[in-house]
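Comments concern the structure below.
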Protein chains: 4
Amino acid sequence: MPKKIRLGILGGGGDSLIGVLHRVASHINDNYQIVGAVFNPDFEQNMAFAKEIDVPTDRIYKDFDTMIEEEMKLPEDERIQVCSVLTPNFLHFPMALKLLENGFHVICEKPMTTSLEEAKKLQAAHEKAGTVFALTHTYTGYPMVRQMREMIKNGELGRIHKVDAVYYQGWINEIIHDQEKRSSVWRLDPKKAGISSCIGDIGVHAFNMVEYTTGLKIKSILSDFNYLYEDNQMDVDGTVLIRMSDHVKGVIRSSQVATGEENGLGIAIYGEKGAFRWEQENPNYLYVLSDTKPTQVYKPGHAYNSELSLGGTKLPPGHPEGIFDSMANIYLGVAKAIRGEQYDSGEYPTMTDGVRGMNFIEATVESNKNGNTWVELED
Amino acid sequence: MPKKIRLGILGGGGDSLIGVLHRVASHINDNYQIVGAVFNPDFEQNMAFAKEIDVPTDRIYKDFDTMIEEEMKLPEDERIQVCSVLTPNFLHFPMALKLLENGFHVICEKPMTTSLEEAKKLQAAHEKAGTVFALTHTYTGYPMVRQMREMIKNGELGRIHKVDAVYYQGWINEIIHDQEKRSSVWRLDPKKAGISSCIGDIGVHAFNMVEYTTGLKIKSILSDFNYLYEDNQMDVDGTVLIRMSDHVKGVIRSSQVATGEENGLGIAIYGEKGAFRWEQENPNYLYVLSDTKPTQVYKPGHAYNSELSLGGTKLPPGHPEGIFDSMANIYLGVAKAIRGEQYDSGEYPTMTDGVRGMNFIEATVESNKNGNTWVELED
Amino acid sequence: MPKKIRLGILGGGGDSLIGVLHRVASHINDNYQIVGAVFNPDFEQNMAFAKEIDVPTDRIYKDFDTMIEEEMKLPEDERIQVCSVLTPNFLHFPMALKLLENGFHVICEKPMTTSLEEAKKLQAAHEKAGTVFALTHTYTGYPMVRQMREMIKNGELGRIHKVDAVYYQGWINEIIHDQEKRSSVWRLDPKKAGISSCIGDIGVHAFNMVEYTTGLKIKSILSDFNYLYEDNQMDVDGTVLIRMSDHVKGVIRSSQVATGEENGLGIAIYGEKGAFRWEQENPNYLYVLSDTKPTQVYKPGHAYNSELSLGGTKLPPGHPEGIFDSMANIYLGVAKAIRGEQYDSGEYPTMTDGVRGMNFIEATVESNKNGNTWVELED
Amino acid sequence: MPKKIRLGILGGGGDSLIGVLHRVASHINDNYQIVGAVFNPDFEQNMAFAKEIDVPTDRIYKDFDTMIEEEMKLPEDERIQVCSVLTPNFLHFPMALKLLENGFHVICEKPMTTSLEEAKKLQAAHEKAGTVFALTHTYTGYPMVRQMREMIKNGELGRIHKVDAVYYQGWINEIIHDQEKRSSVWRLDPKKAGISSCIGDIGVHAFNMVEYTTGLKIKSILSDFNYLYEDNQMDVDGTVLIRMSDHVKGVIRSSQVATGEENGLGIAIYGEKGAFRWEQENPNYLYVLSDTKPTQVYKPGHAYNSELSLGGTKLPPGHPEGIFDSMANIYLGVAKAIRGEQYDSGEYPTMTDGVRGMNFIEATVESNKNGNTWVELED
């Protein structure tokens, strides 16, 4: 009989949207209980937020290091088991590293690190620790995404020969077209935001979606970035040609200046026997195409779906579940892993996804800098 | 600073879907904590379920009466504040009544009672109690449903002249077409399921949606039921002509034999200046029609939405929230009411909705029995 | 080897939209040539229009009677073979009657007559004449409508148990809400427009669509009209409960005040084994629903379609054909009939459809007048 | 008052789909009459087809040269005025050239020629002839495509910064995956089909759509082709990075192995103030996106549309016109040009479009051959 997993939270206080997403997701399947946190670097705000959401304040810590120190003093069956890292990007690496080194399980927001180098160090620490590490590529938690993965694994599309993934948003428009805003916002300052804006923030989700669903590895890429203005130093739009094995090619399109697009992640996968089309904004509709038969519309919760897909649906068909449920499915997979229960490799994204993601981001930056040449990804 | 509201649960144990829906919804905005429950009439299963979802077992009671008795002995600031009634339909009335009589707030599943007579008794008890009573017409929690209500209130459609609501499902097909199944299932046994299947279970949601969004009252109805087989005693399909005030007419269509339909609740509202079309299965798309301008597609989370709508959205546009979030919005409204905070009348459905719903159900049964005549609803 | 059929046109001159529709449709399959016409009651305008569209002017007549007289003098192999009647509604009956009595084939716009009585007289004349008579229920020419008919005929839905048809438009809004306009426009003057506006003009299309696709006859109806204003004498909105054989029920919804709706004809048909959903504004998408399998999206031109459906498609899948092509399919069926070639009964609507349509219109008016009672249609 | 333009047809006999498309389009607006033709290189079949579609046989010629010779003997006011070239691709150039040299107007199917070199020769001949030359980029005839062009011209999107066009089909799958078929079909034989299959056949339509709608010129391209099999010599899939002026970038995606896609041409255009999304398979829906306002759905035939768009619509909103009507709009523009009437530059694609298209095709082949380098297009 399960007892709730003791969850720690780093970041995500106040009005943080990512905080809401993780907190709700952790509750949804009755698997987690928040027992400790540093919601905010300011201790007063930290405590206030804990009270606001009614988390006991005795294990609300003044900073991360104190949290580790104090928690390690507690008996193992009271100590935080898994910690969600929701802090600003540059803190993901040091925090996740220390958590792993002290034997905690980790749920880490994306991007995992700020460089491939850091990612590999984290990977080494993870291998040594032997605990659970999950990277929240949230969108792989959708039942119909999992359905694609299973159907491809079962050969229902035959050999894949073309993949087209997209992640279009328009929200950076109001910043980029205003010279003062674009020169002052941290998002477009490479010192603060890292080497890539568009690919690093959203393109990498499309990359992960391609590898998650097809089970194939992207071998090389060629990218073209758009900065839109001479005085802007960060990519706000990037198109990436991709090559997988054996005449399998494709494209990853990403943009933060796709005016009017909200959160336009999508994928189309074309194989010998059939094809898929799926869009994040209508996550419960999976279009299965054929050259000879009518298009089929798969929806969650039906007996025709795979076990992996059905495991991510709580209500009967027609009751739309959404992004919180998608994240909850990832938390559910992590819970199974922590408890040593059986789970499918598709239930949560791992350290490997994080390392590959950083490799992809760095490769696209390099390709673009080199005048749009092909760059190989590591195996 | 809020402290979580102490929530009791009646029913909803085991694999109960309605249990999941309420539990998740209660967690989503960090407002409730389950402190006591009778999840199951079987005490062993009750306790087992409490352990499974890691609810403290000290206030898991053997039955409803014991729960009331024991809780009343507790000091007021430890006692259950609000109780969710998720038991079989015929128990809603006696449980809600006793809860109200003992000063508890109540969140009650639908149908509120099994007759209009019971509904009125409950209404009287509620008036006396002065506590909060919410009926979970879940679908009115969707942000775009709330947006319709606000836009109509603000006169953006002008005078309404036509309403068309629908609730189509196909799930009863596998029962109704099999003589043995249809004669044995409790759903189609009037002794167990009450006076109406299709209208009582789903048609009434469409009825409530009409009144919730338009702010108008339905004054009279004429209904035609379909039983599909001579030996079937319960309506599995019903169309209802409706009349509101001043040349405002419409139709409510409901069916449980609409093959292949999943949970097809929808509404179209036509006014002098514009119109709405909305469907539950794609709840984040509200189509605003005009005779002279392009159709506009409203989506949640945008600054152009009303306050009531925005209050039901937690993430930025393009992050699909769904049915759990809709129910969570109703729980949020109830939390505000319990805490004496300001809230909008559209934030949760009340006793009045429950009484009107029972009136509607009884009227459709009467109209159909009388050979499809007009029956007036009470004011 | 076919030689083009000699076509006469009555009405449809100037800016007439119905004129464009018929003229284009007659050309599309290279089957017809316009050889004579009375496009306009004003002879000057008649001649001018003939020149504008470059029809030889030697057989442009000053009026209908002259046309008949002169054409009858011509040798049979020069004479007009078929005449399209596109004149104002009240002229359909006398013109079609005289055409039939003189041995012409007739393509008649809808409504066929202004009363059931006239319709029956025309039917008698048609039986006597033995020529081809087609009523242009244009929408039955769409390939996916024909596909529904064939699939139902082949039993693919099993026993039908529920039908829901709709025809919503919003164009009358700008007239109806203006007291002066609504009291002066011929459309809303019963002396000029006949006994019904909404049902007569569009509801009857939905009625025909139900009978065309299901192959079932509607046996009785109960209707409720909305006039919207006390001083308005014509129905601008009407909902009709329908009963077919054996526990098969349904509803026909029609409105001319459905704000923002353009030409919203649609149908949903629910059977034991499956269901259909189709909408005129997206005529190339037929949704085939099932309780257990993914929804299938049928599109025209595929090998999986029926012969009747494929006969109405000229280009490969993905090349959208529209309303002109739908009408052209009906003209194609008429051409086959005139030439004595084999054709399917679904290729063009007949006199029987016309008589039934008038019966339906009169029955709905009667039901509404009687306080919404059931009225039986003739067999 | 117009008299029908005398039209000649080269090719398009028998079951030719392109023949149907042009013939119907020429009829639709009552502007053209077929007076002469070489439908087929086999004279017997040529004559048989003329009889089948009831075209007078006196000017059905045994071959193209005879046609020119005989027509030139006729008085100018009887002679063919414009000739539609629907023959196999390699004949477009010599036929169009000779037609121009003899003073005929020309409507030419795509691709205009088999090389840029030929295209430029034809351009020179056209400049000398001074007659009308139209290239049938059919899809630019759709009203909503024309609406995009006008709205961009009027500055409604502000500065464009991103364009994404696609043309996906799946029909070559059944050939490409079968070694025997792919080695024998003329389509995939570079000697017969020219230098490019996918880009030459469909990618170039997407290219033209980009330039037609935005009014911008593509300056350079980088392409990556997929041949799918070692033994296949023709591109069946190609992705093209594009650069226009001033930080304006984009992508053109095309494929003939996009399984289950029918005729998936589409475009998305993102500007400072708004964006467009449009798809050929639903040509009557133009989505106008904004970062701050609800998405608007433009449809044809409304007063809010531009004059250029409205000129391409014959019926009121909600009566779907399709691909034949789109081609008819191009024929209408050509008719105006031939008659010396005023017309908009967007009413038919010209020689310039043809030359640019051949430039694009050759550039993509070169880029791919060079290892995916940037290639500049001519000004």
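The values are calculated or read from the model by the stated rules, or taken from the named source; none is laboratory data. None of the values given here were measured: they were computed from a predicted structure. FYI the Cβ positions are ideal-geometry reconstructions off the backbone, even for glycines, and counts take in every protein chain you see. Note: accessible area is taken over every heavy atom of the protein model, side chains too, but ligands, DNA and RNA are not part of it. Shrake-Rupley method; radii C 1.70, N 1.55, O 1.52, S 1.80 Å.
Residue-wise test of (1) surrounded by 21 or more Cβ atoms within 10 Å (Cβ to Cβ); (2) of a type outside the set (S, T, N, Q).
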residue	(1), (2)
D:T113	yes, no
D:T131	no, no
D:T140	yes, no
D:R146	yes, yes
D:V166	yes, yes
D:H177	no, yes
Among the residues that make up the range A:315-337, is at least one of them more than 14 Å from chain B (Cβ to nearest Cβ), open to solvent by 10 Å² or more (accessible area, probe 1.4 Å) and more than 23 Å from C:V288 (Cβ to Cβ)? yes
Filtering the range D:67-80 down to residues that are surrounded by fewer than 22 Cβ atoms within 10 Å (Cβ to Cβ), in contact (Cβ under 8 Å) with a residue 12 or more places away in the chain and assigned to a loop (DSSP other than H, G, I, E, B) yields D:E78, D:R79
If I filter the range A:338-349 for residues that are among the hydrophobic types (A, V, I, L, M, F, W, C) and closer than 29 Å to A:A125 by Cα, do I get at least one hit? yes
Subset of the range D:111-158, residues assigned to a loop (DSSP other than H, G, I, E, B) and touching a Pro at 6+ places or on another chain (Cβ under 9 Å), comes to D:T136, D:H137, D:Y142
Search the range B:312-343 for residues being among the aromatic types (F, W, Y) and farther than 15 Å from B:Q280 by Cβ, and hand back the single one that is farthest from the chain's Cα centre (by Cα). B:Y343
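In the range B:14-31, which residues are open to solvent by 10 Å² or more (accessible area, probe 1.4 Å) and within 12 Å of chain A (Cβ to nearest Cβ)?
Of all residues in the range B:14-31, those open to solvent by 10 Å² or more (accessible area, probe 1.4 Å) come to B:14-18, B:20-21, B:23, B:27, B:29-31.
Passing the criteria: B:D15, B:S16, B:L17, B:I18, B:V20, B:L21, B:R23, B:H27, B:N29, B:D30, B:N31.
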Within the range A:298-314, count every residue that is open to solvent by less than 10 Å² (accessible area, probe 1.4 Å) and without any contact (Cβ under 8 Å) to a residue 24 or more places away in the chain. 0
Being open to solvent by 20 Å² or more (accessible area, probe 1.4 Å), farther than 24 Å from A:D237 by Cβ and within 10 Å of chain A (Cβ to nearest Cβ) is the filter here, so list the residues in the range D:213-269 that pass it. D:Y227, D:Y229, D:E230, D:E261, D:E262
Just to be sure I understand, how many residues within the range B:32-52 are open to solvent by 10 Å² or more (accessible area, probe 1.4 Å) and either in contact with a Pro (Cβ under 8 Å, 6 or more places away or on another chain) or not aromatic (F, W, Y) (or both)? 13
Do you know which residues across the range A:35-66 are outside any loop (DSSP other than H, G, I, E, B) and out of contact with any helix residue (DSSP H, G or I) (no Cβ under 7 Å at 6 or more places or on another chain)? A:F43, A:E44, A:Q45, A:N46, A:A48, A:F49, A:E52, A:D58, A:R59, A:D65, A:T66
Within the range B:276-287, restricting attention to residues that are in contact with a Leu (Cβ under 9 Å, 6 or more places away or on another chain) and open to solvent by less than 20 Å² (accessible area, probe 1.4 Å), which residue is farthest from C:I176 (Cα to Cα)? B:Q280
Condition first: within 20 Å of the chain's Cα centre (by Cα), more than 9 Å from every other protein chain (Cβ to nearest Cβ) and of a type in the set (G, A, S). Can you find one or more residues in the range C:297-311 that meet it? yes
Please go through the range C:84-104 and give me each residue that is open to solvent by 20 Å² or more (accessible area, probe 1.4 Å) and more than 17 Å from the chain's Cα centre (by Cα), ordered by number. C:P94, C:M95, C:L97, C:K98, C:E101, C:N102, C:G103
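Yes or no, residue by residue, for (1) in contact (Cβ under 8 Å) with a residue 12 or more places away in the chain; (2) within 14 Å of the chain's Cα centre (by Cα); (3) farther than 30 Å from B:H177 by Cβ:
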residue: C:Y167; (1), (2), (3): yes, yes, yes
residue: C:V185; (1), (2), (3): no, no, yes
residue: C:G194; (1), (2), (3): yes, no, yes
residue: C:H205; (1), (2), (3): yes, yes, yes
residue: C:T214; (1), (2), (3): yes, no, no
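Residues of the range C:313-344 being touching a Leu at 6+ places or on another chain (Cβ under 6 Å) and either polar (S, T, N, Q) or closer than 22 Å to D:L21 by Cα (or both), which ones?
Residues satisfying the conditions are C:L315, C:M327.
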Candidates A:K273, A:K192 - the one that is among the basic types (K, R), at the interface with another protein chain (Cβ under 9 Å from one of its Cβ atoms) and open to solvent by 10 Å² or more (accessible area, probe 1.4 Å): A:K273
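Which one of these is surrounded by fewer than 22 Cβ atoms within 10 Å (Cβ to Cβ), over 30 Å from D:K314 (Cα atoms) and within 14 Å of chain B (Cβ to nearest Cβ): C:T364, C:T352, C:T292?
On the way: C:T364 fails: surrounded by fewer than 22 Cβ atoms within 10 Å (Cβ to Cβ); C:T352 fails: within 14 Å of chain B (Cβ to nearest Cβ).
That would be C:T292, the only listed residue that is surrounded by fewer than 22 Cβ atoms within 10 Å (Cβ to Cβ), over 30 Å from D:K314 (Cα atoms) and within 14 Å of chain B (Cβ to nearest Cβ).
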Just the residues that are modelled with pLDDT under 95 and within 26 Å of A:G311 (Cβ to Cβ), please, taken from the range A:1-16. A:M1, A:P2, A:K3, A:K4
Here the qualifying pairs (Cβ atoms under 7 Å; residues six or more apart or on different chains; first in the range A:109-124 and closer than 25 Å to A:L21 by Cα; second of a type in the set (S, T, Y)) come out as A:E109/A:T136; A:K110/A:T136; A:A119/A:T113; A:L122/A:T113
With the structure loaded, tell me whether B:G170 is part of a loop (DSSP other than H, G, I, E, B) and open to solvent by 20 Å² or more (accessible area, probe 1.4 Å) or whether it fails that test. no
Verdict on C:K249 being on the phi < 0 side of the Ramachandran plot, touching a residue at least 40 places away in the same chain (Cβ under 8 Å) and in the same structural domain as C:V210 (by TED's automatic domain parsing): yes
